[in-house]
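Below: the structure, in structure tokens.
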Amino acid sequence: SELRATNHGQSQDDEIKILHHYQQVKSKVKEEKTDVIKDYETWALHELPTVDFDKEMVLAVYMGPRATAGYTVKIVRVVKGSDKIYVHFTETEPGKGPKAQVIISPCCFAVIPKSDLEVEFVKDESND
């Protein structure tokens with residue numbers, strides 16, 4: 001699909017630097033969703049280091065509950081298009097073989113400079 005285009009018609013120079021990257025195995029968010037966090041109250045739920053929301057915002061990808069260990073999600077790059085920010089992420093599933101039977105809710109966060117542009121999340125195929 002068109003959403004899988006890697007550069008969205010933009011040059012490599014339009015990549016947005018990820019200032020901080022965090023991952024959690026047990027998110028407090030128990031549904032599969034993406035989010036843009038721009039306030040202290042929402043961010044405080046995740047019990048992660050402080051973010052300066054006057055200058056920064058947080059991009060979040062939540063996988064939702066999974067029944068075994070080995071699932072991960074990662075924001076791999078953030079690109080500024082002409083009218084929106086594209087957040088590329090990958091999901092990894094556990095390999096074959098025995099897995100710990102434990103309920104996890106993987107999620108990841110990327111802190112980037114604050115922007116008023118619309119944000120679109122794009123799931124890329126994992127290279128793993």
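The values are calculated or read from the model by the stated rules, or taken from the named source; none is laboratory data. From a predicted model like this one, the values you see are computed outputs, not experimental measurements. Positions of Cβ are generated from backbone atoms using ideal geometry, with glycine treated the same way; all protein chains shown enter the neighbour counts. Just the protein is used for accessible areas: all its heavy atoms, side chains included, with ligands, DNA and RNA removed. Shrake-Rupley method; radii C 1.70, N 1.55, O 1.52, S 1.80 Å.
So, of the residues in the range 26-56 that are aliphatic (A, V, I, L, M) and not in a strand (DSSP E or B), which turns out to be farthest from residue 69 (Cα to Cα)?
51
I'd like the residue in the range 47-99 that is of a type in the set (A, V, I, L, M) and open to solvent by 40 Å² or more (accessible area, probe 1.4 Å) and, out of all such residues, is nearest to residue 18 (Cα to Cα).
76
Is it true that some residue in the range 88-100 is among the hydroxyl-bearing types (Ser, Thr, Tyr) and within 16 Å of the chain's Cα centre (by Cα)?
Yes, the range 88-100 contains at least one residue that is among the hydroxyl-bearing types (Ser, Thr, Tyr) and within 16 Å of the chain's Cα centre (by Cα).
Scan the range 29-48 and report the pairs whose first residue is in contact (Cβ under 8 Å) with a residue 40 or more places away in the chain and whose second residue is assigned to a loop (DSSP other than H, G, I, E, B) and surrounded by 13 or more Cβ atoms within 10 Å (Cβ to Cβ), with Cβ atoms within less than 7 Å and a gap of 6+ or a chain change.
30/64; 30/65; 38/53
Would you pick out the residues in the range 28-37 that are within 19 Å of residue 78 (Cβ to Cβ) and surrounded by fewer than 14 Cβ atoms within 10 Å (Cβ to Cβ)?
Once the filter is applied, which keeps residues that are within 19 Å of residue 78 (Cβ to Cβ) and surrounded by fewer than 14 Cβ atoms within 10 Å (Cβ to Cβ), the range 28-37 yields only 33.
At pLDDT below 95 and within 17 Å of the chain's Cα centre (by Cα): is that true of residue 56 in this structure?
For residue 56, the condition - at pLDDT below 95 and within 17 Å of the chain's Cα centre (by Cα) - is not met.
I need the full set of residues from the range 100-128 which are open to solvent by 10 Å² or more (accessible area, probe 1.4 Å), in contact (Cβ under 8 Å) with a residue 24 or more places away in the chain and assigned to a loop (DSSP other than H, G, I, E, B), in order please.
100, 114, 115, 117, 124, 125, 126, 127, 128
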